[in-house]
Amino acid sequence: MESGDVYEVFIKLEDGPLVRRLSSTNILALDRPLPPGTHSWRVRRWGAYADADNWSNERRFEIESRTPVRQVMSPAGAFRIAAGRGRPRLLPPDPQRSLMIADAYIGWKRPYFDAVLDQLQTGNTEFPEMDGPLSRSGAAQLSQEQLVQLRRNIRASVNRVMRQTYQGLLVWVVTRNLREGDQGLAEARAAANWLTSLDPLGITSDEVADLLNLRIAIALATTYDVMYDALDVIERTSMLAAIENRVQQTFDKFVVDESRALAAYPYNSHGFRHALGILAISTIMAGETPRAQSWFNATYPVFSGFGNPWGGDDGGYSNGINYATWDMLNNLQYWDTIRNVTGADYFSSGWTRQAGNFLQYIIPPGSPTSGFGDGAEDFKPLLWTETIRMLFERTRLPQTGHLYAAWRDLLVRNDAELPELEAEFASWTFLLGAGAPPAAIDRSTATIEGLPDLAIFPSIGWVAMHSDLADPDRFSIYFKSSPYGSFNHSHADQNSFIINGRQQPLAIDSGYYDTFRSRHHLAWTTQTVAHNAITYDGGKGQPWDDLSAQGNLERFVSCPGYDAVTGNATQAYRGELQEARRTLLYLRPGTLLVHDRLRSTVPRRFEWNIHADHKMKPWEGRGGPTNLDS
């Protein structure tokens, strides 16, 4: 789309008038909800100095009568609310503020608050040296290998200081409102001033460490807001300059630059997170700098229109559970900020309302792994549990609360210790970010009664089949044939499956995720041969990091006693195979039949791959069947 172009959209309602709208971007926000029904739409582009293009093909969509209505404020209205808010904007007005703080101090979250206070009082208060390799000139003296290692060290050092910033703010807000003095204020101020003094064009810049750069900016913006009256003019001016510099770097690179623009290229995990971060910071800084409105106007449509580029309203997340929880934990701070400052509530969107359902089926309590994608081999029940808790506090959906309670009870029975909220900002997000006291959790089985043991997530092409969803000692079978192909943190594993049983991994995704594009990651973890999928002619398979190497869930059946699903991965083999279909027939509780239809125009040697944690061996006296639990 060129500058000055306009999209014309026609929406044909099933029963009603034709809706015509114009938009200067490829995101359309309507001023009122559409009625239930089966509707259609088409679009064409008007060039700035040219006639209109041809109309697109007509596409159909359905709105069910029970679909929740999500009202989206206009950009001008939302920004006006942000600019008119007093400080601290990030905290709700009373009585919600007092109730939220009381819950952190005397409620069920008190052990977490005590842990934060202990870390603040006993942690390392010495800041890293500002000269040498931390400066731009120091970094220029290093080799590439030294620079890579330095980045890791710098990230750890800066994260420690950011953690002190958030912990100090948290302790100060909680104890100050309970009239216990200014505990935490000095620590937060010293840490924030150190972050302000970092060279924004040096080793922590967007060019060198884009995620770290914006995390520094949001930490400073949070400090600017919460400690506004406690900061002097010089501190506020310096912080504002640092925030502007850091945000503008990321804004120019990921929003303004047409080669990366999210409206045209939404499948950019860093870029999408940055857009949310820039929007959150713009709401905090509205009225303080004219740049805030430019940041807001460019990123608000992405937030309100896209939602989640890695899945749809079924709650799916194509990059996998661990990236879903990592991104959710990071984005919670941004979503909280946007909601608490403007009232624009992302937690009422289709994806966030169904994300708990996705987690319920992919990592039900007792699951030893987390499905497909980078990091899926990691077993992180503490991270999963607390992320689910934070999601529940914001969506207030009973099923999500029950999932948290079930995981928590299982961890307690296994003598799990209180989890440490490791992310530098997680203590603030967990204790104060929701902007309201927590909701009660319904632990009764009535909350999940009636849930089927099979779930399909068509937006990402994942299927979960369980022997008994409510039983931690269930058997679970996962299948993938995804429209996201092998792109980004997905793997070249269309039509692959995973089997878990009795809280143990049986048929596994092999390989591990040490770091993105490492030697092992490229040579094994992402490759088809590392998965329970079909290869040919000595391990050849599907290409990796290819959005077009897609699979497709063609059909599924669910009946008492069995489930069946068929995936078509022909496209993923990029013309090397003329047919690659796989059907899984799951006979509850403990039998899985796999049927493959493979076709090639040239002779091939097909390989049927299956992986396990232990050496597989035939069952004694049973001939063909293979024991995965050896």
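The values are calculated or read from the model by the stated rules, or taken from the named source; none is laboratory data. Remember, predicted model here, so these are calculated numbers, not experimental data. Neighbour counts run over all protein chains shown; Cβ positions are idealised from the backbone, glycine included. Remember, those area values only see protein heavy atoms, side chains included, never the ligands or the DNA or RNA. Shrake-Rupley method; radii C 1.70, N 1.55, O 1.52, S 1.80 Å.
Give me the residue from the stretch 255-302 that is open to solvent by 10 Å² or more (accessible area, probe 1.4 Å), modelled with pLDDT of 85 or more and hydrophobic (A, V, I, L, M, F, W, C) and, out of that set, nearest to T325 (Cα to Cα). Among those that are open to solvent by 10 Å² or more (accessible area, probe 1.4 Å), modelled with pLDDT of 85 or more and hydrophobic (A, V, I, L, M, F, W, C), it is F272. Name every residue in the stretch 339-377 that is part of a helix (DSSP H, G or I), open to solvent by less than 20 Å² (accessible area, probe 1.4 Å), touching a residue at least 60 places away in the same chain (Cβ under 8 Å) and not hydroxyl-bearing (S, T, Y), in order of residue number. Of everything in the stretch 339-377, those that are part of a helix (DSSP H, G or I), open to solvent by less than 20 Å² (accessible area, probe 1.4 Å), touching a residue at least 60 places away in the same chain (Cβ under 8 Å) and not hydroxyl-bearing (S, T, Y) turn out to be V341, F358, Q360, I362.
Considering D210, D206, D229, the condition of being under 30 Å from Q183 (Cβ atoms) and among the acidic types (D, E) is satisfied by D229 alone. Within the stretch 538-578, if we keep just the residues that are open to solvent by less than 20 Å² (accessible area, probe 1.4 Å) and touching a helix residue (DSSP H, G or I) at 6+ places or on another chain (Cβ under 8 Å), the residue that is farthest from F487 (Cα to Cα) turns out to be L577.
Condition first: within 22 Å of N340 (Cα to Cα), touching a Ser or Thr at 6+ places or on another chain (Cβ under 8 Å) and assigned to a helix (DSSP H, G or I). Can you find one or more residues in the stretch 170-177 that meet it? Please lay out each step first, then the result.
Residues of the stretch 170-177 that are within 22 Å of N340 (Cα to Cα), as a first pass: 170-177.
Okay, now just the ones that are also touching a Ser or Thr at 6+ places or on another chain (Cβ under 8 Å), so 170, 177.
Subsequent filtering for residues that are assigned to a helix (DSSP H, G or I) retains 170, 177.
Yes: the stretch 170-177 contains one or more residues that are within 22 Å of N340 (Cα to Cα), touching a Ser or Thr at 6+ places or on another chain (Cβ under 8 Å) and assigned to a helix (DSSP H, G or I).
Residues of the stretch 496-527 that are of a type in the set (A, V, I, L, M, F, W, C), in a loop (DSSP other than H, G, I, E, B) and open to solvent by 70 Å² or more (accessible area, probe 1.4 Å): F516 alone. Is it the case, given these coordinates, that G184 is modelled with pLDDT of 85 or more and touching a helix residue (DSSP H, G or I) at 6+ places or on another chain (Cβ under 9 Å)? Here the answer is yes, as G184 does meet what is asked.
Return the residues of the stretch 230-246 that are open to solvent by 20 Å² or more (accessible area, probe 1.4 Å) and either modelled with pLDDT under 95 or not charged (D, E, K, R) (or both); say none if nothing qualifies.
Kept after step one, since they are open to solvent by 20 Å² or more (accessible area, probe 1.4 Å), are these residues of the stretch 230-246: 230, 232-238, 240-241, 244-245.
Across the stretch 230-246, the qualifying residues are A230, V233, I234, T237, S238, L240, A241, N245.
Pick from the stretch 588-613 the residues that are of a type outside the set (V, I, T) and exposed (fewer than 13 other Cβ atoms within 10 Å of the Cβ): which of them is nearest to T535 (Cα to Cα)?
We begin by selecting, within the stretch 588-613, every residue of a type outside the set (V, I, T); these are 588-590, 592-593, 595-600, 603-609, 611-613.
Now restrict to residues that are exposed (fewer than 13 other Cβ atoms within 10 Å of the Cβ): 590, 593, 595, 597, 599, 603, 605, 608.
On the way: G590: 26, L593: 19, H595: 15, R597: 13, R599: 12, P603: 14, R605: 9, W608: 7 Å.
Only one residue fits best here, namely W608.
Is it true that L577 is outside any strand (DSSP E or B), over 33 Å from the mean Cα position of the chain (by Cα) and either on the phi > 0 side of the Ramachandran plot or hydrophobic (A, V, I, L, M, F, W, C) (or both)? It is true that L577 is outside any strand (DSSP E or B), over 33 Å from the mean Cα position of the chain (by Cα) and either on the phi > 0 side of the Ramachandran plot or hydrophobic (A, V, I, L, M, F, W, C) (or both). Selection of the stretch 463-479 for residues being touching a Gly at 6+ places or on another chain (Cβ under 6 Å) and modelled with pLDDT of 95 or more yields F475, Y478. The lone criterion from (1) free of Cβ contacts under 8 Å to residues at least 60 places away in the same chain; (2) open to solvent by less than 60 Å² (accessible area, probe 1.4 Å) left unmet by I27 is number (1). Scanning the stretch 322-342 finds no residues that are over 26 Å from W428 (Cβ atoms) and small (G, A, S).
Among the listed residues D442, D468, D473, D493, identify the single one that is part of a loop (DSSP other than H, G, I, E, B), surrounded by 19 or more Cβ atoms within 10 Å (Cβ to Cβ) and of a type in the set (D, E). Write out each step before concluding.
On the way: D442 fails: surrounded by 19 or more Cβ atoms within 10 Å (Cβ to Cβ); D468 fails: surrounded by 19 or more Cβ atoms within 10 Å (Cβ to Cβ); D473 fails: surrounded by 19 or more Cβ atoms within 10 Å (Cβ to Cβ).
Selected residue: D493, the only one of D442, D468, D473, D493 that is part of a loop (DSSP other than H, G, I, E, B), surrounded by 19 or more Cβ atoms within 10 Å (Cβ to Cβ) and of a type in the set (D, E).
Quick one: in the stretch 30-55, of everything that is outside any loop (DSSP other than H, G, I, E, B) and open to solvent by 60 Å² or more (accessible area, probe 1.4 Å), which residue is farthest from D5 (Cα to Cα)?
So the first thing to find is which residues in the stretch 30-55 are outside any loop (DSSP other than H, G, I, E, B), and the list is 37-46, 52.
In the following step, the residues that additionally are open to solvent by 60 Å² or more (accessible area, probe 1.4 Å) were identified as 41-42, 45-46.
Values: W41: 19, R42: 17, R45: 7, W46: 6 Å.
My answer is W41.
Residues in the stretch 159-180 that are open to solvent by 40 Å² or more (accessible area, probe 1.4 Å) and either farther than 16 Å from G123 by Cβ or free of Cβ contacts under 8 Å to residues at least 40 places away in the same chain (or both): 5 in all.
So which residues in the stretch 181-221 are open to solvent by 10 Å² or more (accessible area, probe 1.4 Å), in contact with a Gly (Cβ under 6 Å, 6 or more places away or on another chain) and part of a loop (DSSP other than H, G, I, E, B)? Result: no residue meets the conditions. Condition first: under 23 Å from L382 (Cα atoms), without any contact (Cβ under 8 Å) to a residue 60 or more places away in the chain and out of contact with any helix residue (DSSP H, G or I) (no Cβ under 6 Å at 6 or more places or on another chain). Can you find one or more residues in the stretch 425-442 that meet it? Checking the stretch 425-442: at least one residue is under 23 Å from L382 (Cα atoms), without any contact (Cβ under 8 Å) to a residue 60 or more places away in the chain and out of contact with any helix residue (DSSP H, G or I) (no Cβ under 6 Å at 6 or more places or on another chain). Does the stretch 1-16 hold any residues that are farther than 16 Å from A263 by Cβ and either among the charged types (D, E, K, R) or modelled with pLDDT of 85 or more (or both), and which are they? The answer is E8, F10, I11, K12, L13, E14, D15. Every listed requirement among (1) in contact with a Ser or Thr (Cβ under 8 Å, 6 or more places away or on another chain); (2) surrounded by fewer than 21 Cβ atoms within 10 Å (Cβ to Cβ); (3) more than 27 Å from P437 (Cα to Cα) is met by Y323 save one, (2). Applying a threshold of 6 Å to beta carbon distances and a minimum spacing of six or more residues, or different chains, the list of pairs starting in the stretch 64-90 at a residue that is under 18 Å from Y224 (Cβ atoms) and ending at one that is open to solvent by 60 Å² or more (accessible area, probe 1.4 Å) and outside any helix (DSSP H, G or I) reads A83/G287. Can you spot a residue in the stretch 415-433 that is in contact with an Asp or Glu (Cβ under 6 Å, 6 or more places away or on another chain), over 25 Å from R155 (Cβ atoms) and open to solvent by 20 Å² or more (accessible area, probe 1.4 Å)? No.
Do you know which of the residues in the stretch 106-134 that are hydroxyl-bearing (S, T, Y) and surrounded by fewer than 17 Cβ atoms within 10 Å (Cβ to Cβ) is modelled with the highest pLDDT?
T122
Only one of these is out of contact with any strand residue (DSSP E or B) (no Cβ under 9 Å at 6 or more places or on another chain), under 23 Å from G202 (Cα atoms) and outside any helix (DSSP H, G or I): R260, R236. Name it.
Numbers: R236 fails: outside any helix (DSSP H, G or I).
From the options R260, R236, the qualifying one is R260.
Taking the conditions (1) of a type in the set (S, T, N, Q); (2) within 12 Å of the chain's Cα centre (by Cα); (3) closer than 22 Å to Q71 by Cβ; (4) surrounded by fewer than 22 Cβ atoms within 10 Å (Cβ to Cβ) in turn, N330 satisfies each one other than (3).
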